[in-house]
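First up is the structure itself, then whatever we jot down about it.
Readers should treat all values here as calculations from the given coordinates under stated rules, not as data from a laboratory. Given the structure is predicted, the values throughout are model-derived calculations rather than measurements. Neighbour counts run over all protein chains shown; Cβ positions are idealised from the backbone, glycine included.
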Amino acid sequence: MRVGILVDSAVKQHYLTGLVTQAGHQVACITILLNAAPATPDTPVDAWIVDVTADHSANTEQNETHLAHDQFVEHLLENATVPVILSDSSEYSEGSDEHKAWLRRTTERLQRLSGDINLQQTERAPRLWVLAASTGGPAAVKEFISHLPAELGIAFVYVQHIDAHYSTTLIRMMSGAGHYPAALACQGAVLQPDGITLISAERRVDILENGTLLVSEKPWGGCYAPSIDQVVANVARIYRERSGLIVFTGMGDDGAASARLIKQQGGQVWVQTPASCTSSSMPEAALATNCVGFSGTPQELAQQLARFSRQYRRYQPTTLSSF
């Protein structure tokens, strides 16, 4: 995303340039207000971040300068066709706890910004199901997807224990399996209906309240990367009864703890039958929670989801578009 920076000092320029880059965006232009307001830059941007001192000095000359700056900012606010983030960091001492907190808040706002912009152009999915797998997972999940009918209106998040270098291979496999194109999770992406989002081990992914993705360098929690439990707990909190979890073949117990959260929120927990698994540990761990509502082969899971979706749409048509 292209971000324009408007500041009144070189120090602020330094901090905001770093924050924009850290949030994964591109600095498209920088405007520094000095003694007089410049002409409005014509560089195309997707958003502005403005950090200009709001307090006026008692000094007449400084007041005139501040007034010119205020008028420039006001003109930008009135005429901008893209989001504008307003801030004033001058009230915090550089290096203080308050200044560090301001840096964190601003970074978070920048990280969320691309998602907010994408939401204006893209439909978000009313329902989300997590496809969780480890050993033997790619083949099982591919078979599941190949038997799904088109246009179920569900967003799928695929969490696979596998080295990040295989992400491209997984995306190609899943996209070619059926009616649901796959893509790697990226910053600000909207979880759209009838698509598959692959969660990589390389970068942590959080799902925000508005159904967009926050991708960061933070470590995954727990023993696994990516962490199924972490993703599913996040999904349960956001999507509640509109969520579902299918635990496919795999070693370990990742996903078992968070299966309880899905169930508590009114969502669905299903597993691949242990007998059809390459490794049955993960489905068996989920079964031991007594939260599982259905088990079957990948083909049977796909057929059951198609039936469940038809029933869901029939009886809850008014709740699909609201969070």
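Just a few scattered comments:
- Value of Rg/Rh across the stretch 135-245 [Cα atoms, Kirkwood radius]: 0.93
- Viscosity 1.002 mPa s, temperature 20 °C, Stokes-Einstein D of the stretch 127-315 from Kirkwood C-alpha radius, µm²/s: 135
- Calculated Rg and Dmax of the chain using C-alpha coordinates, Å: 23.9, 82
- Cβ-to-Cβ counts within 10 Å put Tyr15, Tyr312, Tyr239, Tyr92 in ascending order as Tyr92, Tyr15, Tyr312, Tyr239, the fewest first.
- Between the stretch 133-152 and the stretch 72-98, the alpha-carbon center distance in angstrom: 47
- Dipole of the stretch 128-267, positive end: most advanced residue of Val205, Ala189, Gly244 [Cβ charges, Cα centre]: Gly244
- For the stretch 227-266: rounded, prolate or oblate by the Cα gyration tensor [a/c cutoff 1.5]: prolate
- Test item: Cα-centred dipole of the chain, Lys/Arg +1 and Asp/Glu -1 on Cβ, debye: 1760
- Summed over qualifying helices (DSSP H, 4 residues or more, each -39500 (n - 2.57)) and divided by its residue number, the chain shows a 222 nm mean residue ellipticity of -12000 deg cm²/dmol.
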